Amino acid sequence: MAESQDGMESQTSATSSSGSSSMIAKSPEDEFPKVDQGASSPTTHETSHDSGPPQDVVELCRDTFQKTAEYLRGELDGTVEDYKLLEKMNTVTSTRYSEMKHIALSINGALKSLNEKYKSLQPYLEQIDQIEESVSTLEQAAYSLDQYSKRLESKFKALERR
């Protein structure tokens, strides 16, 4: 990082000294105070680049990543179980619809058979209707004849008494 900062300083200096730029570029060192890396030992929050972050931070990071992974595994397991349940439901529904299709086909066949039988019986049913009309007419005639015979009988009895 020191090399990149030195490279930026030289670019900034070259730009500033040439006067080709109307704006003066500032280096990161101009904005932030310099820290003397050769000074006394670092404080508890400041560590050298070679030693890495403190051990407790590393442990907390590992724990956080582990718990996050467990949480995500649980979420994924839940989703997988949901999909398995949906798959079972689809299978059961498909089976049920297949059974219903076979029942509907069976009913359709029975209905066609009944329609054919009805068509073959249609002439006989028409004959039965005609016979029923004839019987009804004959019944009316028999009733009228019975009424006439009762009147005739009553007239005959009336003549006999005289």
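Read-outs: derived from the displayed coordinates by stated rules, not from any lab. Just so it is clear, the structure is predicted and the values come from calculations on it, not from any experiment. Note: ideal-geometry Cβ built from the backbone for every residue, glycine included; neighbour counts use all protein chains shown.
Can you list the HN-Hα couplings for segment 116-123, worked out from phi with the Karplus curve (6.51, -1.76, 1.60; θ = phi - 60°), rounded to whole Hz and with x for Gly and Pro?
Those phi angles translate into 5, 5, 5, 5, 6, 8, 3, x Hz.
Mind giving me the nanometre distance, one decimal, between the label points for Cys61 and Leu105, set 7 Å out from Cα along Cα→Cβ?
6.5 nm
For segment 87-96, in order, what is each residue's ³J(HN,Hα) by Karplus, 6.51 cos²θ - 1.76 cosθ + 1.60 with θ = phi - 60°, in whole Hz (x at glycine and Pro)?
Couplings: 5, 5, 4, 5, 5, 5, 5, 4, 4, 5 Hz.
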